[in-house]
1. Using a 10 Å cut-off on Cβ atoms, rank the peptides 45-58, 207-220 from the highest mean neighbour count down.
2. What's the ranking of 127-134, 188-195 by average number of surrounding C-beta atoms within 10 Å, highest first?
3. HN-Hα J couplings of segment 205-214 from phi, Karplus 6.51/-1.76/1.60, θ = phi - 60°, integer Hz, Gly and Pro as x?
4. Using mean Cβ contacts within 10 Å as the protection proxy, how do 140-153, 322-335 order, highest first?
5. Between Rg and the Kirkwood Rh of segment 103-225, both from Cα atoms, what is the Rg to Rh ratio?
6. Mind checking which aspartates and glutamates have their C-alpha under 16 Å from Lys41, skipping anything on the same chain fewer than 8 residues away?
7. Taking amide H positions as placed 1.01 Å from N in the peptide plane, with prolines and chain starts having none, which residues 5 or more places from Thr154, or on another chain, fall under 5 Å of its amide H?
Amino acid sequence: MGILDFLSGQFIDVIHWVDNTRDTMVWRFEREGHEIKYGAKLTVREGQAAVFVHEGQLADVFTPGLYMLETNNMPIMTSLQHWDHGFRSPFKSEIYFVNTTRFNGLKWGTKNPIICRDPEFGPVRLRAFGTYSVRVTDPARFLSEIVGTDGEFTSDEISFQIRNIIVQEFSRLIAGSGIPVLDMAANTQELGKMLADGISSTIAEYGLSLPELYIENISLPAAVEAALDKRTSMGVIGNLDAYTKFQAAEALGKEGSAAGQAMGTGFGAGLGMSMGAQMTGAQAGPWGARPAAAQPQQPAAAAPPPPPPPPVEHVWHLAESGQTSGPFSKARLGRMVTEGGLTRETYVWTQGQDGWKRAEDVAELAQLFTVMPPPPPGT
């Protein structure tokens with residue numbers, strides 16, 4: 001191997017980073033013990049920043065662009081000033097690439113409920129959760145305050161700390177906002193902006209910013225939500241007294257239906273037992289044995305016919321001088337005959353009758369006038 005081949009193997013010509021992940025925030029360029037070559041090209045892409053650390057101290061930060069590493073602009077980043085060491089410089093430099101794009105879809109939430117005072121319900125416990133995005137705005141500060149010497153730093157390593165900051169500020173904000181619980185859902189956008197503004201100074205000390213922060217939900221404990229649902233149901237019902245009467249009437253209807261079914265079931269069971277007894281009596285002898293074939297079988301006595309339904313009592317309407325009155329029962333009409341309020345010429349009508357008829361022409365009422373003689377003829 002020639003001296004030129006040996007020297008070319010000791011240097012790195014191109015320094016760059018292509019991120020194939022979605023969560024890497026900082027990546028250290030692996031030198032594998034090689035020195036940085038004089039005139040090497042540094043490529044910093046959009047959404048990146050390159051931080052040089054020389055002998056443990058931060059040297060410089062490069063924004064997106066193409067850079068030539070030469071002694072006239074970076075004397076501490078080259079070993080050309082140490083030719084006497086045969087390119088074995090004791091000075092080591094490290095290059096960290098920082099991802100400055102947004103890291104979206106990070107989640108936050110309250111691990112424990114937050115107690116606050118509601119103007120309508122009094123002390124309540126609230127839970128909340130949402131999402132946020134984070135971005136590195138000061139690569140040098142982020143590297144010195146958070147990353148340190150970590151060769152590959154991901155968003156998961158900082159998200160826990162950011163969540164704690166968000167929850168702490170949210171607890172302070174929600175306790176002093178004075179917004180009623182029932183109105184918080186309509187104010188989540190304003191609360192999210194206030195929350196982001198409240199933690200911006202704390203996050204900036206880490207070299208970070210939160211471009212977006214959303215409150216997706218603010219919820220009450222399950223028992224309180226159940227009580228709130230009942231209260232809403234009462235508001236929908238309206239008149240509680242009328243609703244109670246309706247419920248009672250509906251329950252009575254169900255009980256009546258159940259009682260009718262029970263009576264029908266009992267009647268059917270009794271009828272079945274009666275038929276079974278009759279069949280058993282017809283097949284068994286006087287000592288419980290089946291009679292011989294020569295003995296004639298006695299026919300079972302026929303059950304008596306059921307009684308006829310009770311007569312339907314009519315009620316009557318009266319018409320006198322173009323005015324109607326009633327209804328009156330037959331007993332009342334009998335008293336009216338005695339008092340003179342009903343005569344033979346009075347027109348009467350009852351349900352099922354074809355038009356108005358005189359009282360003496362109705363067979364059911366004609367008997368009411370037999371207790372008194374008719375008026376004498378010629379009067």
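1. On the way: 45-58: 16.1, 207-220: 18.1.
By packing density, highest mean first, the sequence is 207-220, 45-58.
2. Order by mean packing, descending: 127-134, 188-195.
3. Taking θ as phi minus 60°, the curve returns 5, 8, x, 10, 9, 10, x, 9, 8, 10 Hz for segment 205-214.
4. On the way: 140-153: 16.4, 322-335: 13.4.
Sorting 140-153, 322-335 by mean packing, highest first, produces 140-153, 322-335.
5. On the way: Rg = 15.9 Å, Rh = 15.4 Å.
My calculation puts Rg/Rh at 1.03.
6. Asp13, Glu30, Asp60, Glu70, Glu94
7. Counting only residues 5 or more places away or on other chains, the set is Met25.
Just so you know, all these numbers are worked out from the coordinates, no wet-lab data involved. Quick caveat, the model's predicted, so the values are computed rather than measured. As a convention, Cβ positions derive from the backbone with ideal geometry for all residues, glycine included, and neighbour counts pool all protein chains shown.
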